[in-house]
Amino acid sequence: MEGFKNTGDFEEVGIIRINDAPINMIITDPCYKIGTWCTARLSVKPGDYKCFVEYYFDKEYNYSYVASMEARHVDSLDIVPTLESDEDIGVDSASCGIYNLSYYINHSESCKIPIPYGSYYRLTNKGLTCISGFGDGRYSLYLGYNKQSQIVSVKVKFISFDEK
């Protein structure tokens with residue numbers, strides 16, 4: 001991996017662009033097809049989203065894991081996604097992503113493009129894919145809203161520090 005990360009390290013990894021469409025973001029295992037029950041399709045404020053990865057360091061195994069992945073609209077960086085969604089995100093490929101929905105629909109081979117060896121994530125301008133915490137499972141989705149009631153931040157939490 002790209003060196004060990006400490007618990008709570010919060011790394012800005014880049015920007016993704018979300019198009020203007022009625023439903024424009026999908027959060028899912030990158031190997032799932034559109035319509036899989038444990039994905040979230042959202043209507044978020046269109047534009048550029050800064051992406052972040054948070055880490056957890058397991059002292060027992062001397063290994064760093066991705067604790068969460070997050071995306072915040074560049075006009076709303078101060079809005080933290082704290083409202084838990086009713087939707088859970090399922091993972092079966094030990095990875096999860098936040099994607100521009102139109103890109104995801106048109107690039108179904110995304111599961112075939114692996115996260116680079118030795119990395120925690122892969123970023124393009126249309127999506128962020130991360131290794132999902134301890135691997136496969138069901139994870140909580142958190143949302144943040146602006147004053148116009150638009151979703152402007154999203155977070156998938158793989159590991160809670162207080163659980164370990």
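What follows draws every value from the coordinates through simple rules; no lab data is involved. On a predicted model such as this, the values are computed, not experimentally measured, just so you know. For neighbour counting, all protein chains shown are included, and Cβ atoms are generated from backbone atoms with ideal geometry for every residue, glycine included.
Across region 10-159, Cα pairs under 8 Å and at least six residues apart give a relative contact order of 31 percent. Taking a Cβ cut-off of under 12 Å around Ile79, the surrounding Lys, Arg, Asp and Glu residues balance to a net charge of +2, with basic ones at +1 and acidic ones at -1. Here's how it looks for Lys126: its modeled amide H is under 5 Å from those of Arg17, which are all 5 or more places away or on a different chain.
Computing percent of Cα pairs over 29 Å apart for the structure here picks out one of (1) 12; (2) 30; (3) 21, namely (1).
Proximity of backbone amide H atoms, modeled 1.01 Å from N, is registered between Lys5 and Ser64 at under 5 Å, excluding neighbours fewer than 5 places apart on the same chain. Put in line by how crowded their Cβ is, counting other Cβ atoms within 10 Å and starting with the fewest, Tyr63, Tyr145 read Tyr63, Tyr145. For the pair Lys33 and Glu12, what calculated FRET efficiency results from E = 1/(1 + (r/R0)^6), where r is the Cβ-Cβ distance and R0 = 30 Å, to the nearest 0.05? For R0 = 30 Å, the calculated efficiency reads 0.45.
Here the 3J(HN,Hα) profile of region 120-125, calculated from phi with Karplus coefficients 6.51, -1.76 and 1.60 at θ = phi - 60°, is 9, 7, 9, 10, 10, 6 Hz, Gly and Pro shown as x. Between Ser43 and Asn24, the built amide H atoms are under 5 Å apart, and every one of these is 5 or more places off in sequence or on another chain.
Evaluating 6.51 cos²θ - 1.76 cosθ + 1.60 at θ = phi - 60° for every residue in region 23-39, the Karplus couplings come out as 10, 10, 9, 10, 10, 6, 5, x, 9, 7, 8, 4, x, 4, 4, 9, 10 Hz, glycine and proline recorded as x.
With both labels modelled 7 Å from their Cα along Cα-to-Cβ, the Glu60 to Thr82 distance reads 3.1 nm.
Taking the Cβ of Ser132 as the centre, find all other residues whose Cβ is under 12 Å away and add up their charges (Lys, Arg: +1; Asp, Glu: -1). Every neighbour counted, the sum reads -1. Separation of region 22-43 from region 131-152 is 12 Å, based on Cα centroids.
Mean residue ellipticity at 222 nm, helices only, the chain: -1000 deg cm²/dmol; runs of at least 4 DSSP H residues each add -39,500 (n - 2.57), and the sum is divided by the number of residues. Measuring r between the beta carbons of Arg41 and Phe161 and using R0 = 25 Å, the FRET efficiency lands at 0.30. Taking every C-alpha pair closer than 8 Å and separated by at least 6 residues, the mean separation divided by the residue count of region 1-94 gives a relative contact order of 34 percent.
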